[in-house]
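**Student:** First the structure, which I've put down as structure tokens, then a few questions once you've had a look.
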Amino acid sequence: MNDLKNALREFARERDWEKFHTPKNLSIALAVEVAELLEHFQWLGDSESLELGAEKRAKVQEEIGDVFIYLVRLSDTLGIDPLFAARQKLEQNKKKYPA
């Protein structure tokens, strides 16, 4: 995760994009990318969404990559460890929704 975070920092730095990577802008970009991911499932039934063809699966994979990149950038910008946040949230959910 640290390697990816550092690579994304460098990518933004090389393009002088850091000034644009505010939490607000990264949150908006993340929402847009999630919407693009949703487009691939918009009119599919549940069973169809489980059985994507190779071309559709490749496009979904690309969108998941975009979503993850923006989430990592947002987390890094705010100084939040996304893996810690996910683990913490899972523990909260276990208490909220016992098995």
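**Student:** With loop defined by DSSP as not H, G, I, E or B, and exposure as at most 16 other Cβ atoms within 10 Å, which is the longest segment of the chain clear of exposed chymotrypsin sites (Phe, Trp or Tyr not before Pro)?
**Tutor:** Working: sites that count: Trp17, Phe41, Trp43.
Longest gap between qualifying sites, sites excluded: 44-99.
**Student:** Something else: Tell me which GluC sites (Glu not before Pro) from the range 21-99 have a DSSP coil assignment and no more than 13 other beta carbons within 10 Å of their own.
**Tutor:** Numbers: sites: Glu33, Glu36, Glu39, Glu48, Glu51, Glu55, Glu62, Glu63, Glu91; in loops: Glu51.
Passing sites in the range 21-99 are Glu51.
**Student:** Between Asn2 and Glu51, what length comes free when the chain is fully extended (0.36 nm per residue of separation minus the Cα-Cα distance, one decimal in nm)? List each step's numbers first, then the result.
**Tutor:** Numbers: separation 49, 0.36 × 49 = 17.64 nm, distance 3.28 nm.
Result for the pair: 14.4 nm of gain on full extension.
**Student:** Now a separate question. I need the phi-derived Karplus couplings for the range 20-27: 6.51 cos²θ - 1.76 cosθ + 1.60, θ = phi - 60°, integer Hz, Gly and Pro marked x.
**Tutor:** Working through the residues one at a time gives 8, 8, 7, x, 4, 5, 5, 5 Hz.
**Student:** Got a sec to turn the phi values of the range 39-53 into Karplus ³J(HN,Hα) couplings, 6.51 cos²θ - 1.76 cosθ + 1.60 with θ = phi - 60°, whole Hz, x for Gly and Pro?
**Tutor:** Result, rounded to whole Hz: 3, 6, 10, 3, 10, 8, x, 4, 5, 5, 5, 7, 10, 6, x.
**Student:** Leaving ligands and nucleic acids out of the surface, order Ser47, Ser27 by accessible area at 1.4 Å, largest first.
**Tutor:** Numbers: Ser47 85, Ser27 50 Å².
The ranking, largest first, comes out as Ser47, Ser27.
**Student:** Leaving out ligands, DNA and RNA, and with a 1.4 Å probe, what % of the accessible surface on the chain is carbon or sulfur? Display every interim value, and only then the final one.
**Tutor:** On the way: 4420 of 7710 Å².
On the chain, the fraction of accessible area on carbon and sulfur atoms equals 57 percent.
**Student:** Quick one: if you take sqrt(5λ) for each eigenvalue of the C-alpha gyration tensor of the range 42-99, what semi-axes come out, biggest first, whole angstrom? Walk me through the intermediate numbers first.
**Tutor:** Values: eigenvalues 160, 84, 11 Å².
For the range 42-99, the semi-axes come out at 28, 21, 7 Å.
**Student:** Scaled to the compact-protein estimate 2.2 N^0.38 Å, what is the alpha-carbon radius of gyration of the chain, rounded to two decimal places? Spell out each step's value before the answer.
**Tutor:** Values: Rg = 16.2 Å, N = 99, 2.2 N^0.38 = 12.6 Å.
Expressed relative to 2.2 N^0.38 Å, the Cα Rg reads 1.29.
The values are calculated or read from the model by the stated rules, or taken from the named source; none is laboratory data. The structure displayed is predicted, hence computed values, not measured ones. No Cβ is skipped: glycine too gets one built from the backbone with ideal geometry, and neighbour counts run over all protein chains shown. With ligands, DNA and RNA removed, areas are computed over all heavy atoms of the protein, side chains included. Shrake-Rupley method; radii C 1.70, N 1.55, O 1.52, S 1.80 Å.
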